[in-house]
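Asker: Before I ask anything, here is the structure I am working with.
The values are calculated or read from the model by the stated rules, or taken from the named source; none is laboratory data. Since the structure is predicted, the reported quantities are computational estimates derived from the model, not experimental observations. Don't worry about glycine lacking a Cβ; one is built from the backbone with ideal geometry, like all the others, and counts go over all protein chains shown. Note: accessible area is taken over every heavy atom of the protein model, side chains too, but ligands, DNA and RNA are not part of it. Shrake-Rupley method; radii C 1.70, N 1.55, O 1.52, S 1.80 Å.
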Amino acid sequence: MLLSEKVGERGMVLSIEPNPTNLINLRRHLSLNNATNVYVAAVALSQQAGVAGFSFSNNTAQGHIAEGERFLVSALTLDSLLESFPFRANAFIKIDIEGGELLMLRGAAKFLTERNCTILISFHSSFLRDECLSLLESYGYTPVWCSNFESIYKMGSTADALFIRSLGST
């Protein structure tokens, strides 16, 4: 709701939610608040389109793509999803997908290299942090902020970080 209010009538919010329980709650919340500038995609984001196993925990905020799971969800790349999404201006991307951040970023190469975005990302392991940092830097992004640390490279295993890509970056 906060992002919907911040971008206002001229902006758009794309919300990705593969968990059916969360999806029902999200759509009800958007309706109750008359948030008409939010588009909801009932998919998971990954590095390739298809069907993916999805793992649920007791906490609905912690579901994630996982091989071998019996519950299946549709998976898309961010690039394929955005082919039909009419962005009007600069993009802000918030990523908190419980360990799927690297897969999602790999599936967003076209969008992330062609657009100037601000990205807020939550890392869920030191391995993912290092891999995501390397990938985002190769796309021309610069880490500019990290919660509770002076430098993004001093992070513990999980933390939030903000990245920007300026016009003319390659």
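Asker: Return yes when Leu133 is within 18 Å of Leu45 (Cβ to Cβ) and at pLDDT 80 or above and no when it is not.
Answerer: no
Condition check ((1) basic (Lys, Arg); (2) modelled with pLDDT of 80 or more; (3) open to solvent by less than 40 Å² (accessible area, probe 1.4 Å)) across all residues:
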| site | (1), (2), (3) |
| --- | --- |
| Phe127 | no, yes, no |
| Ser138 | no, yes, no |
| Tyr141 | no, yes, yes |
| Ser157 | no, no, no |
| Phe163 | no, no, yes |
| Ser169 | no, no, yes |
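Asker: Among residues belonging to the range 92-102 that are farther than 14 Å from Ser55 by Cβ, buried (at least 17 other Cβ atoms within 10 Å of the Cβ) and of a type in the set (A, V, I, L, M, F, W, C), point out the one that is modelled with the lowest pLDDT.
Answerer: Of everything passing the filter in the range 92-102, Ile95 is modelled with the lowest pLDDT.
Asker: Can you pull out the residues in the range 29-66 that are modelled with pLDDT under 85, in contact with a strand residue (DSSP E or B) (Cβ under 6 Å, 6 or more places away or on another chain) and open to solvent by 40 Å² or more (accessible area, probe 1.4 Å)?
Answerer: His64, Ile65
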